[in-house]
Every structure is written in structure tokens, then in C-alpha cells.
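Novice: Sharing a structure below in C-alpha cells format, with a few things to ask.
The values are calculated or read from the model by the stated rules, or taken from the named source; none is laboratory data. Remember, it's a predicted structure, so these values are computed and weren't measured experimentally. Cβ coordinates were reconstructed from backbone atoms using ideal geometry, including for glycine residues, and neighbour counts include every protein chain displayed.
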Amino acid sequence: MLKCTAAAFLLVSTTALSAQQAGVRAASLELPEAPVPQFQTSPLQTSASQALAALPAGSAQISGSVLDSTGAIVPGAQVTLLNETGAPVRSTSVDARGGFLFARLPAGRYMLRVTCNGFAPHASSAFDLSGEQTYVLPDISLSIASTNTEITVLPTEVIAEAQIKAQEQQRVFGVFPNFYTSFEPHPVPMTTKQKFQLATRDTLDWTSFIGVTVSAGVEQANNSYAGYGQGAAGYGKRWAARFGDGRISDYFDHAIYASLFHQDPRYFYQGTGTTKSRVYHAIASAFVARSDSGKMMPNYSYLLGAMTSGALSNLYYPHADRGWDLVFTNAAIGIGGRAAGAVARELLGRKLTKHVPGKDVPYTDPANTPSAATH
């Protein structure tokens, strides 16, 4: 009995020990993996990574300008850069001068799409951009959208009337008339009726009477044309002669001969080029005129007008002062005065004249005159 008890105890102990060892082994198999060591990133390594990420994709750039069909800036135009698949890359609006710029671009094949309210969309053809290239596109011209375009065709006479009305507001220092200077970039020809109306408006302006009064007074003081005598009667004759000279010259130059020879009596402001070229343009205007059809021709209106005015002055100047000398003297004075006046108009007139329409628009070739107004 004692042996059985001991054997049983020994069996139980052995079984318990085996079970304990098996549990230890199972537990050791279920232990978690050792943590992976974490290494600290140095500030130098972090800065290098950030700088690498901030590097531009490329160093090429694309620039250009967006204008309308007249060459004016199109405010609010939106320019979108597309890649070769047609997907948008970047988008920007034009600046105050109508320009745009896409910088820091990688090399590749690109296209542009331009949109703006009231204008038809514009899409450029594809172009290649190489690395570090500065690509300047030709000016992009937007046309008015067909759905928003309303064209009113006006008779030339109506357009000319509007331009003449604007000219009649032009006065040097706001006082002296400058009606016969056209600052309009696209002037249209005047009708015969308009030539006579403008001549009347100019020659009978209130400042003309002041000029005649002063001139007659100077002649009276110098005893010019002594045959008129002195005193009130002499002054009156001088005043009438000066008034007649001016009115006869104005009507023959600006209306009668201008209509007969189909010439435009106005001075057309150049406003661009060197001072020498502008002075030459001004002096030449006394000898060369623009016809109503836009062609250049001898200025018969001024040349014959000066001769006619001088010839008619023989009817009322003192007998001692009459003759061909008076004709040619008055004609030379008239032509020289117009040339000098044209130089002053070209170089100073725009700065000193009030109410000049489109003051920042220079005069352009009148041969390109439009016959329609667009609204």
C-alpha cells in the first residue's frame, strides 16, 4: 500500500512538472516582438528634405499680352495654361497692362486658352517649351463674341459731325480756338456743308474780334498803311481791312477751295516719332494736304487761298499799297504763318489744348479710316 501511494504521488508530481514546463514554453512563444529602434532625424536632414520639396518644377517661363481687335487692353481676361493632353496646369488674370506670366515651368508641350466676358474664347496652337527658356507669345487678339456683338453702320457724314463737334470744344489754354486740329486717330472726311459750317464757327469766334482789334491798334500806332490816315476813321479802316483779310482767307482756304479740290482743311496731329520728323510733318502741311479720299496732294486750298486773299485786298487797301507786291506779301505771310502755326500745334498744341478727345491716342494713318462705329 505504501508503495502504491508513493508511486501515485510520484506520477502526479511528474505530470504537474511536465504541465508547468509546457506552460512556460507556450508562454515564451506568445511574447511580443521587440520594438523597432526609433532614430531621431537631425535638423540638418529635415531642412534638406524641405528644400528639396520646395524646388521648382522647372525654370522656364511663358509671357504675353491679351488685347482686343483695336489693340486696347482687355480687363479681366483669364489665361489658362494647358499641357499637351489639354489638362489645365495653371490659370491667371491679365495685369493692368494686359500682360500675363507663367513662371517656374518644366520643359514640355503647352497650349493657352483665353476667356473673357463679351469676347469669343481663344485657344492657341501647341508649342514646345525647353528648360530655362523664356517664351514670349505674340499678342493675343480677342474678337467680340458673336452673340454679344451689335454693329451700327453710320453714314460717314454722321461720324464726321461727331468728330467736328468734339473739335469745336478744343481751345488752347481753354480760350483760343483750336478747331482745325484733328487729334482723332481715325478721322473721316468732311462734307462741303461741314467745311463751310466749321469755317464760319472758327472765323467768327469771339476771339477773332479781339485779335483784329489788337492788330488794328498796332498798325495805327505804327502808322502802317498811311493812306488810311489817323484818328477814329483811320483805325476803323484798318480794323475793317484786318477783319476782311482774315475772313476772306478763312473761307477760301477752309471752305471754298477745300470743297472745289476735295481737300481736308484740317491739320492732322502726328504725335509720334522724332521731333525732327514731327516738325517736318507740320511744315509740310502748309504745302501738302490730304484729299477727302485719303490721298496726299498739293495743298491747293492754302496756296490759292493765300493768293486770292492777297488779290482781293487790293480792293480796300490804300492805293499806294496796292499791286502785286501786296498780293505776294500777304500770300507769303499767310503761308508762313500757317506753317509756323502747324509747328506750334504739333509740338505744344496737345499739351496746351483743353478738351482733347482721347488725349493718349496718337494720330494714325487716315487711309485706314473706318466707316462704321461699333457699340
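Novice: Outside the structural domain of residue 272 (by TED's automatic domain parsing), closer than 30 Å to residue 105 by Cα and either of a type in the set (A, V, I, L, M, F, W, C) or at pLDDT below 90 (or both), is that true of residue 140? Give the derivation first.
Specialist: Values: outside the structural domain of residue 272 (by TED's automatic domain parsing): yes; closer than 30 Å to residue 105 by Cα: yes; either of a type in the set (A, V, I, L, M, F, W, C) or at pLDDT below 90 (or both): yes.
Criteria met by residue 140.
Novice: Inside region 181-217, can you point out the residues that are in contact with a strand residue (DSSP E or B) (Cβ under 6 Å, 6 or more places away or on another chain) and in a loop (DSSP other than H, G, I, E, B)?
Specialist: 205
Novice: Another one. Suppose the filter is at pLDDT 90 or above, among the aliphatic types (A, V, I, L, M) and surrounded by 10 or more Cβ atoms within 10 Å (Cβ to Cβ); does residue 89 pass it?
Specialist: Details: at pLDDT 90 or above: yes; among the aliphatic types (A, V, I, L, M): yes; surrounded by 10 or more Cβ atoms within 10 Å (Cβ to Cβ): yes.
When the stated conditions are applied, residue 89 passes them.
Novice: If you don't mind, another one. If I go through region 141-153 residue by residue, how many of them are among the aliphatic types (A, V, I, L, M) and not in a strand (DSSP E or B)?
Specialist: 2
Novice: Among the numbered conditions (1) crowded, with 17+ Cβ neighbours inside 10 Å; (2) at pLDDT 95 or above, tell me where residue 260 comes up short.
Specialist: Residue 260 satisfies all of (1) crowded, with 17+ Cβ neighbours inside 10 Å; (2) at pLDDT 95 or above except (1).
Novice: Check whether at least one residue in region 218-225 is within 23 Å of the chain's Cα centre (by Cα), surrounded by 13 or more Cβ atoms within 10 Å (Cβ to Cβ) and at pLDDT below 95, and report yes or no.
Specialist: no
Novice: Check off (1) over 15 Å from residue 268 (Cα atoms); (2) touching a Phe, Trp or Tyr at 6+ places or on another chain (Cβ under 8 Å); (3) of a type outside the set (Lys, Arg) for residue 312 and give me the number that stays unchecked.
Specialist: (2)
Novice: Where residues in region 276-318 are in contact with a Leu (Cβ under 7 Å, 6 or more places away or on another chain) and assigned to a helix (DSSP H, G or I), which of them is modelled with the highest pLDDT?
Specialist: 278
Novice: Being without any contact (Cβ under 8 Å) to a residue 60 or more places away in the chain and not in a strand (DSSP E or B) is the filter here; which residues of region 99-140 pass it?
Specialist: Across region 99-140, the qualifying residues are 106, 107, 116, 117, 118, 120, 121, 124, 125, 126.
Novice: Return the only residue of 217, 244 being in contact (Cβ under 8 Å) with a residue 12 or more places away in the chain, of a type in the set (Gly, Ala, Ser) and in contact with a Leu (Cβ under 9 Å, 6 or more places away or on another chain).
Specialist: None of the others qualify; the one that does is 244.
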